[in-house]
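K.L.:
My questions will all concern the structure given below.
The values are calculated or read from the model by the stated rules, or taken from the named source; none is laboratory data. This is a predicted model, so every value here is computed, not measured. Neighbour counts are summed over all protein chains in view; Cβ atoms, including those assigned to glycine, are modelled from backbone coordinates with ideal geometry. We work out accessible area using only protein heavy atoms, side chains counted, and drop any ligands, DNA or RNA first. Shrake-Rupley method; radii C 1.70, N 1.55, O 1.52, S 1.80 Å.
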Amino acid sequence: MIPETAPKEDVYLASAEFCKTSHVPSFDKYKELYVKSVENPDEFWGDIAKDFFWKTKHNGEFLSYNFDVTKGEIFIKFMEGATTNICYNLLDRNVHEKNLGNKVAFYWEGNEPGDELTVTYRELLQKVCQFANVLKSQGVKKGDRVSIYMPMVVELVVAMLACVRIGAVHSIVFAGFSAESLCERIMDSECSLLITADGFYRGDKLINLKLLADDALQKCKDKGFSVKRCIMLKHLSKDAEEGSQSPPAKRSCPDLQDNQTGRVKKRRPVPKVPWNPDVDQCWHTLVKGVSDQCEPEWCESEDPLFILYTSGSTGKPKGVLHTVSGYMLYTAATFRLVFDYQPEDVFWCTADIGWITGHSYITYGPLANGATSVLFEGLPTYPDVGRMWEIVDKYRVTKFYTAPTAIRLLMKYGNEPVQKYKRDSLKVLGTVGEPINPEAWQWYHSVVGDKRCPIVDTFWQTETGGHVLTPLPAATPTKPGSATFPFFGVVPAILNESGEELEGPSDGYLVFKQPWPGIMRTVYGNQQRFETTYFKKFPGYYVTGDGCRRDKDGYYWITGRIDDMLNVSGHLLSTAEVESALVEHENVAEAAVVGCPHPVKGESLYCFVTLTEGVSYGRGLETELRNIVREKIGAIATPDYIQNAPGLPKTRSGKIMRRVLRKIACGERELGDISTLADSSVVDHLFQNRCCTA
Ligand code: WT7
């Protein structure tokens, strides 16, 4: 399954110097450990577990599971019977056992250059304990769900770990999502409490987060679900009094900067914060005078840890549920080995914590290793396109992890904004989110990394918890565009349409044959959907939904989604979700959405809409449709193209032929087999009226 020897030609290797100190220094070592991880997972993961604190040891089997729907319910259990607390392992263990209290956990870098904060492990522990006590005083108990809708600030980490400390289940909703999306997620997980902030800036743009949060809570109420409490962090409005509508004087992050001065460089308007005294409470008022000691709640291995929503092909997002012990071991191990973590590293993952990448590689993985990370609130292009490299130099970042879409975006501006900065601290570069085109890979390697840094192209999903196909920087010879080989404990296979495993070079469905500790355990509140989505198509396998090719050297190449999902800037969207937003407009009778290649975003959204009788298409309607999608889902789902489609290509049985629409969107005349198409004149009409810039 893993080749005997690694190829020597047309591959990129780490320097001998880099390999010398690496945890997995050679391909042979990788193979040896891989075999052990698959044949003897108990021992492999048991060794990793030794580094953590367990209140009680596991009893019975280390791993038990069923991946086969024909044999009964799907389940995965790691280290049953063990009890622990992740927050304790991330913070107390590092402060008290590893003597890392004074080590920096996060360098927070704000949207505005000059806005910065440093938080040590000891400070983080105190803040988390204090806020955990606040949550308890608000009536939050073990197992309760808490929604978090916050910008990229240290308090977001504090809020999530405070939940973890008391055994509550966090559900973080990316702050770029709309009120409607937040409402849907709050209701699905039946959250009793919402934590948010007044607002934040993304570049020059003010996001009035509290307003959106209020709107979401109102929507929940209208649908018969009321959230009892909303805790608001004053991120922008330091001096705002609760209930006051007057704009406060300074923008800053007051809770953490009591002893610091000089980080507010630019004064900006702050949002007016609507206040509902029955529901709203201020973070700062709540923490005042609260003890910073809080005994962790000891949790079972398979107790829920968090819910994170991801798009589903039916349109309704799925609440991916991860549990305690497996997720902890897996994010810790992948972080350490894939980024070859060393104690002096400064790690920077540019993702938002609102996505799984941020959960696993800003919060859990790095903190489990006692690492120092950069937590960045801003944008790669603000105030200019050199911002990323400026930050790399400022904090002497050693390991840098970003998305292909960001690389392609910056590539457009040429080498000068990169080469203006030294970047000599960089040692490993990573990518995640979508296939990286070899051209972007080469630019990342030669310009950003000065040909010095191994690139790890990490393939994984919200569902997998951590990396599943990935190079290890010293061990794996890389090929630009390939996620290379499985991580430890992961057993991939490629299946054909009939579910047969293909050997050697092949192309088909990417599946996994056995669980690794970080795999999701269920869809929250919907085990049925969990089984149908991931296990039904090919009994006995976890189905990723991605297509994959294996080359003659055994390397895996992700070829993209094979379900009705789109990947826009590294984020999954379901076509159904966008379609259902569009048809909510009274003038839209039917909608079909497809992806079409985009030079920066990977894919763009091309929407076909059939209008109701008698309505004519125009600019005004188009703007309304764009807005409705932004309102229902969020800015990430804004359609790039909308085409008026008096008719859609359908089969005789009435199924929309998306394959044909995709070709029309991309302007490809070669349609392939269209013998099942009911009315071919529809296709000609659509071709003639294409949005020609697409
Ligand atoms: C989908 C998962 C995992 C964090 C970010 C996205 C695509 C992800 C790669 C990669 C090719 C990739 C897949 C996958 N994807 N990483 N390195 N190469 N494709 O998480 O929103 O759950 O999306 O992203 O299509 O299924 P997600």
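K.L.:
Mind ranking 584-592, 430-438, 40-48 by how tightly packed they are, going by the mean number of other C-beta atoms within 10 angstrom, highest first?
P.N.:
Values: 584-592: 17.8, 430-438: 22.0, 40-48: 15.9.
In descending order of packing, they fall as 430-438, 584-592, 40-48.
K.L.:
Under 5 Å between amide H atoms, partner at least 5 residues away or on a different chain: which partners does LEU611 have, H built in plane at 1.01 Å?
P.N.:
ALA589, ALA645
K.L.:
Report ³J(HN,Hα) in whole Hz for each residue of the range 499-505, in order, from the Karplus equation J = 6.51 cos²θ - 1.76 cosθ + 1.60 where θ = phi - 60°; Gly and Pro get x.
P.N.:
x, 8, 6, 9, 9, x, x
K.L.:
How big is the charge dipole of the range 480-563 about its Cα centre, in debye rounded to the nearest 20, if each Lys and Arg gets +1 on its Cβ and each Asp and Glu gets -1 on its Cβ?
P.N.:
Values: 9 positive and 10 negative charges, 67 e Å.
Dipole size: approximately 320 debye.
K.L.:
Still on this structure, I have one more. Given the C-alpha centroids of the range 265-296 and the range 63-82, what is the distance between them in whole angstrom?
P.N.:
That distance is 42 Å.
K.L.:
For LYS29, LYS422, write out the residues from largest to smallest accessible area, computed with a 1.4 angstrom probe and no ligands counted. Intermediate values should be presented prior to the final figure.
P.N.:
On the way: LYS29 70, LYS422 130 Å².
Sorted descending by solvent-accessible area, the residues read LYS422, LYS29.
K.L.:
Over 20 Å between C-alpha atoms is what I'm after, so list which of LYS57/LYS136; LYS316/LYS632; LYS536/LYS650; LYS318/LYS399; LYS127/LYS318; LYS55/LYS77 land there.
P.N.:
Violating the 20 Å Cα-Cα cut-off are LYS57/LYS136; LYS536/LYS650; LYS318/LYS399; LYS127/LYS318.
K.L.:
If you don't mind, there's one more thing I want to ask. Alpha carbon centre of the range 325-347 versus the range 624-639: separation in Å?
P.N.:
37
K.L.:
Sequence neighbours fewer than 8 away in the same chain don't count; with that in mind, list the lysines whose C-alpha is under 19 Å from LYS655.
P.N.:
Cα-Cα hits under 19 Å: LYS663.
K.L.:
Which value in nm describes the separation of the simple spin-label points at SER653 and GLU503, placed 7 Å from the Cα toward the beta carbon?
P.N.:
Label-label distance for SER653 and GLU503, simple model: 3.5 nm.
K.L.:
Here's a follow-up. Per-residue counts of other Cβ atoms within 10 Å, averaged by peptide: what ranking do you get for 106-119, 673-686, highest first?
P.N.:
Working: 106-119: 20.2, 673-686: 13.4.
Listed from highest to lowest mean packing, they are 106-119, 673-686.
K.L.:
Also: Output wanted: per-residue J couplings in Hz (rounded whole) for the range 459-468, from phi through Karplus 6.51 cos²θ - 1.76 cosθ + 1.60, θ = phi - 60°, x for Gly and Pro.
P.N.:
9, 6, 9, 3, 5, 8, x, x, 4, 10
K.L.:
Now a separate question. For the range 386-449, what does the relative contact order come out to in percent, with C-alpha contacts under 8 Å and a separation of six or more?
P.N.:
On the way: 70 pairs, mean separation 29.0, N = 64.
RCO, the range 386-449: 45 percent.
K.L.:
A follow-up question, please. How would you rank 469-482, 651-664, 323-336, highest first, on the average number of other Cβ atoms within 10 Å across their residues? Mind showing how you got there, number by number?
P.N.:
Numbers: 469-482: 23.6, 651-664: 16.1, 323-336: 26.8.
Highest-to-lowest ranking by the protection proxy: 323-336, 469-482, 651-664.
K.L.:
Would you please calculate the Kirkwood hydrodynamic radius of the range 556-694 over all C-alpha pairs and express it in Å, rounded to one decimal? Write out the running numbers ahead of the final one.
P.N.:
Details: mean 1/r = 0.0651 Å⁻¹.
Kirkwood hydrodynamic radius for the range 556-694: 15.4 Å.
K.L.:
Taking H as built 1.01 Å from N, whose amide H comes closer than 5 Å to the amide H of VAL456, not counting residues under 5 places away?
P.N.:
Excluding prolines and chain starts, which carry no amide H, the hits are LEU429, GLY430, THR431.
K.L.:
A further question follows. Under the rule of at least 5 residues apart or a separate chain, name every residue whose amide H is placed under 5 Å from the amide H of ALA105.
P.N.:
Those lying under 5 Å, H to H, from ALA105 are VAL119, THR120, TYR121.
K.L.:
When the Kirkwood radius is taken over all Cα pairs of the range 325-449, what Stokes-Einstein diffusion coefficient follows at 10 °C and 1.306 mPa s, in µm²/s?
P.N.:
108
K.L.:
Determine one quarter of the surface area of the Cα convex hull of the chain, which equals its mean projected area, and express it in nm² to one decimal. Each step should come with its number before you reach the end.
P.N.:
Working: hull surface 121.3 nm².
Seen from a random direction, the Cα hull of the chain projects 30.3 nm² on average.
K.L.:
Also: Tell me, what is the percent relative contact order of the chain, built from C-alpha pairs under 8 Å that lie six or more residues apart?
P.N.:
Numbers: 1496 pairs, mean separation 93.4, N = 694.
The normalised contact order for the chain reaches 13 percent.
K.L.:
A further question follows. Report, ordered by chain and residue number, the lysines lying within cross-link reach of LYS141, taken as a straight Cα distance under 16 Å and ignoring same-chain residues fewer than 8 apart.
P.N.:
LYS141 reaches LYS228.
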